[in-house]
Amino acid sequence: MDHQIKIAAPRVPSQIGWLLLGLLVGSSVAANDSWRYPSAEVVSVTEDMAVANRELMLGAMKRTNTIVKPEVSRFVKGTRTSTTYFVPSEQRPDVVASYYESLLTEKGTMLFSCDGRSCGSSNDWANGVFGESILYGPDQDQRYFIAEEGDTIRMVYIGLRGTRKLYVNVTVIDAGGDASSFASLAAKLVRDGRYLVDESRLSQELDIIAEWTVSQDTYRFAVVVHERKRRGETVGEAVRRTTARAEELMMQLVDRGVSPTRIEAYGIGPLAPIDQATIDRVELVLISQ
């Protein structure tokens, strides 16, 4: 069964053509109407309702020789709906970007954003990521956002072509619970350099950490265990005890497929408290890229 549906607007944007497009797209466009920039016209809608691996772009596009890939990404399972709009009333990328940034952060959490040349090549985003050549334009005029809201991930790309026509792509990944933890882990590690492990669901957290770590071959990590002194215990004994626990957690990650050359273990004991409530904690710390 073919799960993909792609409906493109007619090349001549006549009133009849747009009317037919609206009838064909039907509920898909209506469902995404809240993400249509005011006065924007739908160019194309692509739906893939198969639950499959979807790549979340969490970093700028980077080219190494002939290979292009994002600096950070994560695959999640879910469905994908992609809508491309033409915005005839606006030629300023920053104005449109401000509109979408407000929408994305109103109820969601921003995972990554970039603008201009810091995003990488517009050609790589337009053709490689979104498969829409019409999005391609000068690198300095592109904007990109990715945000999560519950089980939904939204990627928004804005491109101003050399003809001064502005286009927007809104891609929605419905992950049904798979995306949130992965995306949160990636965002916190890249932004803060550390991720606080939820020990109340340790096995699930280790599964998430292992799968994400395996997919990122340019990073090295450390498992760091913090814990207050026990009664009658010296600081040195607390450090040795937490080191042993860190090594145990590290081996559990190795058993889940993480290369032992990319992960280290450290026990800190009570030597690095944040406050009384967070003395006891396990962290994944980004060592190097």
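Structure notes:
- Residue selected from the stretch 25-39 under the condition assigned to a loop (DSSP other than H, G, I, E, B) and either more than 25 Å from residue 160 (Cβ to Cβ) or of a type in the set (Lys, Arg) (or both), by the criterion modelled with the lowest pLDDT: 26
- Qualifying positions in the stretch 130-144 - touching a Leu at 6+ places or on another chain (Cβ under 6 Å) and closer than 16 Å to residue 83 by Cβ: none
- Of all the numbered requirements in (1) on the phi < 0 side of the Ramachandran plot; (2) over 15 Å from the mean Cα position of the chain (by Cα); (3) touching a residue at least 40 places away in the same chain (Cβ under 8 Å), residue 64 misses one, and that requirement is (3).
- Among the residues listed as 243, 261, the single one being surrounded by fewer than 16 Cβ atoms within 10 Å (Cβ to Cβ), among the hydroxyl-bearing types (Ser, Thr, Tyr) and in a helix (DSSP H, G or I): 261
- Each residue in the stretch 187-213 was checked for being in contact with a strand residue (DSSP E or B) (Cβ under 8 Å, 6 or more places away or on another chain) and buried (at least 17 other Cβ atoms within 10 Å of the Cβ), and 8 of them qualify.
- Residue in the stretch 102-124 that is at pLDDT 95 or above, in a strand (DSSP E or B), out of contact with any helix residue (DSSP H, G or I) (no Cβ under 9 Å at 6 or more places or on another chain) and not aliphatic (A, V, I, L, M) present: yes
- When residues of the stretch 70-85 are limited to those that are surrounded by fewer than 20 Cβ atoms within 10 Å (Cβ to Cβ) and touching a helix residue (DSSP H, G or I) at 6+ places or on another chain (Cβ under 9 Å), the one nearest to residue 155 (Cα to Cα): 81
- Residue within the stretch 40-60 that is farther than 14 Å from residue 125 by Cα and part of a loop (DSSP other than H, G, I, E, B) present: yes
- Qualifying residue in the stretch 73-80 (condition: modelled with pLDDT under 95 and either among the β-branched types (Val, Ile, Thr) or outside any strand (DSSP E or B) (or both)): yes
The values are calculated or read from the model by the stated rules, or taken from the named source; none is laboratory data. Quick caveat, the model's predicted, so the values are computed rather than measured. Using ideal geometry, Cβ is built from the backbone for each residue, glycine included, and neighbour counts are taken over all protein chains shown.
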